[in-house]
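One structure is given here, and the rest of the page talks about it.
The values are calculated or read from the model by the stated rules, or taken from the named source; none is laboratory data. What you are looking at is a predicted structure, and each value in this text was computed from that prediction instead of being measured. Cβ atoms come from the backbone with ideal geometry, glycine included; neighbour counts cover every protein chain shown.
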Amino acid sequence: MLSPDASVDAPVDAAVAPNPLTPDRLSGTGLCVDAACTQIAAGVRTFAPRWPLWTDGAVKERWIWLPPGKKIDNSDPNHWRFPVGTKLWKSFTVNGKRLETRYLVKLDTGDNHWFLVAYAWNDAQNEAVAVPRGQDNAGGTNHDIPSRADCRQCHDRVPGGVLGFSALALDYAAPGTNLDLEELASAGLLTAALPGSGSPRYPLPAGRNAQETQYAAEAVGYLHMNCGHCHNPDSPVYAGSPLELRLTTNMLSSWPATTVYTTAVGVTTPAMIDGASIIIKPAAPDESVVIKRMNHANPAIRMPAIGTEVVDASAQTLLRAWINSLPVN
């Protein structure tokens, strides 16, 4: 079993070892039937958020397991609370080779009482071993496996501790056999009834013109998923940068009503970047701080701050189109 290092990890982890829920090999987590993970265990379900997190183009698979008879507390639709024993995994594959599988398990009540660790796959692809301090350039690639402390930089900045498995992320017709919001509700896995009578339960607004309607949902969703877990009032980042890029279900009456618009569109920041001072300048992507930061050559300035080394070109194209659609007041 893993022995959490109090000098690296949050204090809650210092008291959990030894624990059968924190094995030193992926095969002990309950994800797979065999060590090579050629077959997923019964009761483990795949999911795919509507807006995936950018990780330099790595192919990802995601799974969740809920303890039998337990439900997700969705009484606050913006911050789900998961039952003790909940497990989530995410696997990263680059050039057809599995590099890592990340594991989260809820050890106790409380928002951030999660154990988080990544398992690195060996060259033979038949076993994955925990690397609590992370691993750079995994498998000879540019992909870096995060340490447990790195994982907490994002997961501890949102109530509930889980990213990508939420009301807004799952409120769409998910492809294939992936879990979505409707299936969670119909299977009785949520504590509270959903609003409305069918999908989407939290409809996104229309734009003020055809172009904004075309681009806003995906562009704002991208910022929500890739930036909102740090840029929100529950994060320590917020004190120094009162920017809220997290969507909430209670502010969807119009795009200008969302916090992404009220805290970023047309808003000046004291942290000027390469001559740009407005976070998102309508109809002017090249004068917008968000574009400058996404594309910056200096890693200390580029956003997102961790978990990526390659600029997301597709996202830049999307965000530029969205910014160009924004009316100039």
Helices (runs of 4 or more DSSP H) contained in the stretch 111-205 and holding at least 3 residues modelled with pLDDT under 95
148-155
Just checking, does the stretch 48-66 include any residue being closer than 16 Å to residue 162 by Cα, modelled with pLDDT of 95 or more, in contact with a Ser or Thr (Cβ under 7 Å, 6 or more places away or on another chain) and assigned to a loop (DSSP other than H, G, I, E, B)?
yes
Would you confirm, using the coordinates I've provided, whether residue 84 is modelled with pLDDT of 95 or more, surrounded by fewer than 17 Cβ atoms within 10 Å (Cβ to Cβ) and farther than 17 Å from residue 159 by Cα?
no
Could you tell me which of the residues 199, 166 is crowded, with 18+ Cβ neighbours inside 10 Å, polar (S, T, N, Q) and not assigned by TED's automatic domain parsing to the domain that holds residue 105?
166
Can you say whether residue 165 is within 19 Å of residue 53 (Cα to Cα), touching a His at 6+ places or on another chain (Cβ under 7 Å) and in contact (Cβ under 8 Å) with a residue 40 or more places away in the chain, as far as the supplied structure shows?
no
What residue, among those in the stretch 234-245 that are in contact (Cβ under 8 Å) with a residue 40 or more places away in the chain and either surrounded by fewer than 16 Cβ atoms within 10 Å (Cβ to Cβ) or acidic (Asp, Glu) (or both), is nearest to residue 306 (Cα to Cα)?
236
If I ask for residues that are of a type in the set (Asp, Glu), touching a His at 6+ places or on another chain (Cβ under 9 Å) and at pLDDT 90 or above, which ones from the stretch 270-316 would you list?
274
Yes or no: residue 212 within 28 Å of residue 278 (Cα to Cα), out of contact with any strand residue (DSSP E or B) (no Cβ under 8 Å at 6 or more places or on another chain) and in a loop (DSSP other than H, G, I, E, B)?
no
All but one of (1) touching a strand residue (DSSP E or B) at 6+ places or on another chain (Cβ under 9 Å); (2) more than 18 Å from residue 267 (Cα to Cα) hold for residue 292, so report the exception by its number.
(2)
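Yes or no, residue by residue, for (1) modelled with pLDDT of 95 or more; (2) surrounded by 15 or more Cβ atoms within 10 Å (Cβ to Cβ); (3) over 22 Å from residue 317 (Cβ atoms):
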site: 207; (1), (2), (3): yes, yes, no
site: 219; (1), (2), (3): yes, yes, no
site: 223; (1), (2), (3): yes, yes, no
site: 232; (1), (2), (3): no, yes, yes
site: 247; (1), (2), (3): yes, yes, no
site: 260; (1), (2), (3): yes, yes, no
site: 268; (1), (2), (3): yes, no, yes
